[in-house]
Structures are given as structure tokens and as C-alpha cells.
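Working notes, structure below.
Just so it is clear, none of the values below were taken in a lab; they were calculated from the coordinates. Being a predicted model, the structure only gives us computed values, none of them experimental. Here Cβ is always computed from backbone atoms with ideal geometry, including for glycine, and neighbour counts include all displayed protein chains.
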Amino acid sequence: MKKLVLVAASVVMIFGSCSKSAAPTASLKTDIDTISYELGMINSAGVKQYLSERLGVDTTYMDEFYKGLVEAANSSDNKKKAAYFAGIQIGQQLGTQMFKGINYQLFGEDSTKSISMRNLLSGFIAQTEGKAEFDIEKVRNGLQEKMGRFRDKSLAKTYAANKEAGEKFMAQNKTKEGIKELTPGGVQYKVIKEGNGPIPADTSRVMVSYEGRTIDGKVFDSSYKNNDNKPIEITVNNMIPGWIDVLTHMPVGSVWEIYIPQEKAYGSREAGEDVKPFSALIFKLELVSISPNK
């Protein structure tokens, strides 16, 4: 019986040591002890959500997080370890936020494709060492354009059906009664109400009301609904190309229904949950007034 008790005790010791938290035990003997503890409490707000949503950490493994936290905090005066922990922190940001964000930017929802983590890290380290393969200024000036071309080519395959549906819609729509084109193959419009006011310049600030729909009729945005039926102020040249084309031909007081091909809308970009890449779009657009110069 004594042997059985000893075995049971050893099991408790083993499992007890596994479940012990990495957190140091607080010693709350003085005011500064209490203040220190309370500062720790205050600064922990939202940490689990941040770990999960921003850093991609599986919070099932919080004990491992606590171990790293305690070791890093206690090594703040050790320059060698401080550099190592800084590398871990930045590496995690590269591996979660940047890596995932760039993959989505280039490949959309196609999770079978990815940039090279190996080359991402190689370029990162080479540039910090001053040994990069390319001139940084040339990369800085050309990378966004290169990524844009790559994204367009990649997503054109993924969303080929969406692009084709938009082209078919625009081709059929222009044959309908009352439909006009601003330029051949460009934006189409139908006059609901013709205004007789001035026409904005591309630099004008204007008051507009609008409702946006996909070609299958789904409303994805509406100032009538989202702004209590009040017009909103915009700068013409800050809008998508199709809106710029329309507003610089539209007299104040007009209400038009406009039909925008994907290349004059958001192109390969996704604009919210309902507007997928290469989407042709429909808007009811009301030009209320031109704002006075400020």
C-alpha cells in the first residue's frame, strides 16, 4: 500500500510541474510592489486578441507565450539576447502580417499560391547588411507597378468568369433604348433626370447621392441608406475613373444611371465583400451641387 501511495504522489508531482505557469509569483509587500503588479494588469488589456488577430498566435499555447515574455523582459539589459528577441518579434510580423497580406494582395483568395518566404527573408537580411542584389531605389520605384502587373495576370485567371460576365453585360446593355456611351467601349449612362447647372471640373468638390449595385442587382453601397438620405461631399478626381468620366460631363441637378466596365471601376482590386476583382458596376448617381472653393 505504501508503494502505491508513493507512485501516486510522483504522478501528481510530474503533472503539477507540467501545468505550472511561467508567470513569476507576485510579492505584494510594499506600495511599489502593488503598483508594479497593477501596471502589469493594465498593460495586458487585449493581449490575447492582439496575439490571435494581429500576430496569428494560437492562444492554446499561452504557456509558451508566457515563457517567452518572461525571458525577453528579464533579458532587456542583455544586448545579445535583446537582438535575438527583436529578430523573433520582427520575424513573426514578417511571417504573419506581411507574408499573408502580400499573398492576398497578389493571389486573392487562391490559397494554393504563395510568395517565397525564403527569398523574402533573404532580401530582407541582404538589404540590412548592404549586400542586396538590386538597387533599393530602383526596387522602390518599380515594385508596386511590377506587383500590379503580376496581380492582374494572376487574378485574371481566377476571376475570368467574372470578367467575361461584365463584358457580356456591357455589350448587351449598350443596345438598350436610352443608353448612351461617353466614349466607345467606356462608361455607359441613362438619363433619369437632366439637370441644367454647371459641369464640374476634375478638381471640383461636389455633393452627390448614389447607390451602387453589382450587375446581378445586389446593392453594395448607398449614401441614401448609409448617410440618412443626405448627400456626401467628394473630390471628383479622388474617385474611380468611371465616376471621373461621368462627373466631368454631368450638369448639376442631373440624376443618371451609369454602367461602368471593370477597367473603369476597381479593375483587379476587390472592393468589399460583394465587389470581386474585374467587376462591372452600376450606379444611380445624383449630382446635387458643386461646393464653393475654400
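When the Cα gyration tensor is reduced to axis lengths a ≥ b ≥ c, the ratio a/c is 1.5 or higher for the range 44-111, and with a/b not above b/c it is classed as oblate.
Partners of residue 176 within straight-line reach, counting aspartates and glutamates whose Cα lies under 14 Å from its Cα and excluding those fewer than 8 residues away in the same chain: 257.
Could you calculate the contour length gain from residue 180 to residue 74, that is, 0.36 nm times the residue separation minus the distance between their Cα atoms, to one decimal place in nm?
Values: separation 106, 0.36 × 106 = 38.16 nm, distance 7.09 nm.
Stretched fully, the residue 180-residue 74 segment lengthens by 31.1 nm.
Applying 1/(1 + (r/R0)^6) with r as the Cβ-Cβ distance of residue 105 and residue 127 and R0 = 22 angstrom yields a FRET efficiency of 0.60. Farthest towards the positive end of the charge dipole of the chain, among the residues 69, 165, 198, is the Cα of 69, using unit charges on the Cβ of Lys, Arg, Asp and Glu. Helix 117-129 axis versus longest C-alpha principal axis of the chain: approximately 80°, rounded to the nearest ten. Working from label points 7 Å from Cα in the Cα-to-Cβ sense, the residue 63 to residue 207 distance is 6.4 nm.
Let me know the charge dipole size of the range 160-230 about its Cα centre in debye, to the nearest 20, where only the beta-carbon of Lys, Arg (+1) and Asp, Glu (-1) is charged.
100
Against the chain, whose longest principal axis is taken from its Cα atoms, helix 79-93 shows a tilt of about 40°. Helical runs assigned H by DSSP (4 residues or longer) give the chain a calculated mean residue ellipticity at 222 nm of -14500 deg cm²/dmol, each run adding -39500 (n - 2.57) before division by the residue total. By the count of neighbouring beta-carbon atoms within 10 Å, fewest first, 205, 118 end up ordered 118, 205.
The GNM of the chain, with springs linking C-alpha atoms under 10 angstrom apart, assigns the highest mean-square fluctuation among 203, 175, 25 to 25. Net charge of the neighbourhood of residue 267, taken over other residues with C-beta under 14 Å away and scored Lys/Arg +1, Asp/Glu -1, is +2.
When the chain is fully extended, how far beyond the present Cα-Cα distance does residue 134 get from residue 41, taking 0.36 nm per residue of separation?
Separation in residues times 0.36 nm, less the Cα-Cα distance, equals 28.8 nm.
Distance between the modelled labels on residue 55 and residue 89, one decimal in nanometres: 1.0 nm (7 Å Cα→Cβ projection).
Seen against the Cα atoms of the chain and their longest principal axis, helix 160-173 is set at about 20 degrees. For the residue pairs 174/225; 138/264; 100/163; 81/138; 218/264, alpha carbon separations beyond 27 Å are given by 174/225; 138/264; 81/138.
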